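Below: one structure, written as structure tokens.
The values are calculated or read from the model by the stated rules, or taken from the named source; none is laboratory data. Just so it is clear, the model here is predicted, and its values are computed rather than measured. Here the Cβ positions follow ideal geometry from the backbone for every residue, glycine too, while neighbour counts run over all protein chains shown. The area values use the complete protein model at the heavy-atom level, side chains included, leaving out ligands, DNA and RNA. Shrake-Rupley method; radii C 1.70, N 1.55, O 1.52, S 1.80 Å.
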Amino acid sequence: MEQSRLLTGADAWSLHAAPELGLRRIVVSDGPAGVRGETWDERSPSANVPSPTALAASWDVARVERLGRLLAYECRRKGVDVLLAPTVNLHRTPFGGRHFECFSEDPYLTGAIGAAFVRGLQAEGVAATVKHFVANDSETERFTLDAIVDERVLRELYLLPFELIVAEGPWAVMSSYNAVNGFTMSESPLVQSVLRDEWGFDGLVMSDWGAARSANADVDLAMPGPNSALAPDAAGVETRLARILQLAERVGARDATAGGPPAATTASPP
């Protein structure tokens with residue numbers, strides 16, 4: 001198998017299996033306020049939890065950590081390995097039509113609540129995906145918007161929630177559609193210089209769906225798929241594949257004989 005093929009999704013909600021690498025199919029799911037799963041079907045309902053904005057308004061990190069465990073149970077019940085949450089962008093503009101997915105306008109509160117969410121989810125072996133890195137605060141023109149942000153504002157507002165949560169060791173981060181200071185976030189130098197080098201993030205960086213626009217994208221996984229044209233050149237394949245395999249090990253997907261995701265735990269009953 002051409003290894004670069006593993007760096008894009010197999011379809012909208014999963015990664016390629018590679019039995020020769022001991023890698024089974026990995027399933028991802030939307031989930032800022034629950035766990036959708038792979039299907040849109042009323043016969044497969046999901047637990048409906050309070051919106052993230054309501055969770056942050058509680059200021060209750062212990063409760064949010066417990067809720068993360070509940071969502072991990074939901075993930076395993078639906079065969080999901082990676083939850084595409086939490087969303088830690090800020091309530092900065094009324095053009096941010098997905099604010100219900102975000103915690104707060106306050107970066108410190110957002111970081112504290114987001115970190116608790118990640119702790120609970122990953123304690124049960126399901127990967128959190130902290131998104132959308134970074135300054136993704138407007139749905140209007142989200143594919144073409146270039147956020148021009150002063151260095152201090154970028155650090156003290158937009159990057160701070162991510163910095164606080166990365167200290168907790170999330171297993172994945174999602175880059176955003178928008179550009180920041182002239183670079184689309186899938187190709188931004190901030191991914192390497194800040195996220196990886198400065199903060200020491202060792203997990204997987206995936207693109208938002210359709211956000212990786214060229215082979216120059218500095219992401220490990222271009223979603224959705226398949227789209228081999230977005231795979232990086234050979235020099236970057238081994239490093240990025242190693243991060244995908246590390247994610248697989250963390251969520252229990254590295255043993256190809258397992259056949260599917262681990263069963264739901266009993267630590268967080270419905």
### Query
Can Ser51 be described as within 19 Å of the chain's Cα centre (by Cα) and hydroxyl-bearing (Ser, Thr, Tyr)?
yes
### Checking Glu42 against (1) in a loop (DSSP other than H, G, I, E, B); (2) more than 27 Å from Ala248 (Cβ to Cβ); (3) under 17 Å from the mean Cα position of the chain (by Cα), the condition it does not meet
(3)
### Message
Taking the condition of being open to solvent by 10 Å² or more (accessible area, probe 1.4 Å) and over 15 Å from His132 (Cβ atoms), how many residues in segment 202-217 meet it?
### Response
5
### Residues located in segment 176-192, provided they are within 16 Å of Ser138 (Cβ to Cβ), hydroxyl-bearing (Ser, Thr, Tyr) and either open to solvent by less than 10 Å² (accessible area, probe 1.4 Å) or in contact with a Gly (Cβ under 7 Å, 6 or more places away or on another chain) (or both)
Ser176
### Message
Considering only segment 137-155, I want to know if a residue exists there that is under 20 Å from Pro32 (Cα atoms) and at pLDDT 95 or above.
### Response
no
### Summary
Within segment 148-159, the count of residues that are open to solvent by 20 Å² or more (accessible area, probe 1.4 Å) and within 21 Å of the chain's Cα centre (by Cα) comes to 3
### Message
Please verify whether Gly169 is within 25 Å of Gly22 (Cβ to Cβ), in a loop (DSSP other than H, G, I, E, B) and modelled with pLDDT of 95 or more, treating the condition exactly as stated.
### Response
yes
### Query
Which one is nearest to Ser46 (Cα to Cα), of the residues in segment 80-114 that are of a type in the set (Gly, Ala, Ser) and open to solvent by 20 Å² or more (accessible area, probe 1.4 Å)?
Gly97
## Note on the structure
Reported set for segment 47-59 where residues are open to solvent by less than 50 Å² (accessible area, probe 1.4 Å) and assigned to a loop (DSSP other than H, G, I, E, B) is Ala47, Val49, Ser51
### Query
Of these, Phe117, Phe133, which one is touching a Pro at 6+ places or on another chain (Cβ under 6 Å), of a type in the set (Phe, Trp, Tyr) and buried (at least 19 other Cβ atoms within 10 Å of the Cβ)?
Phe117
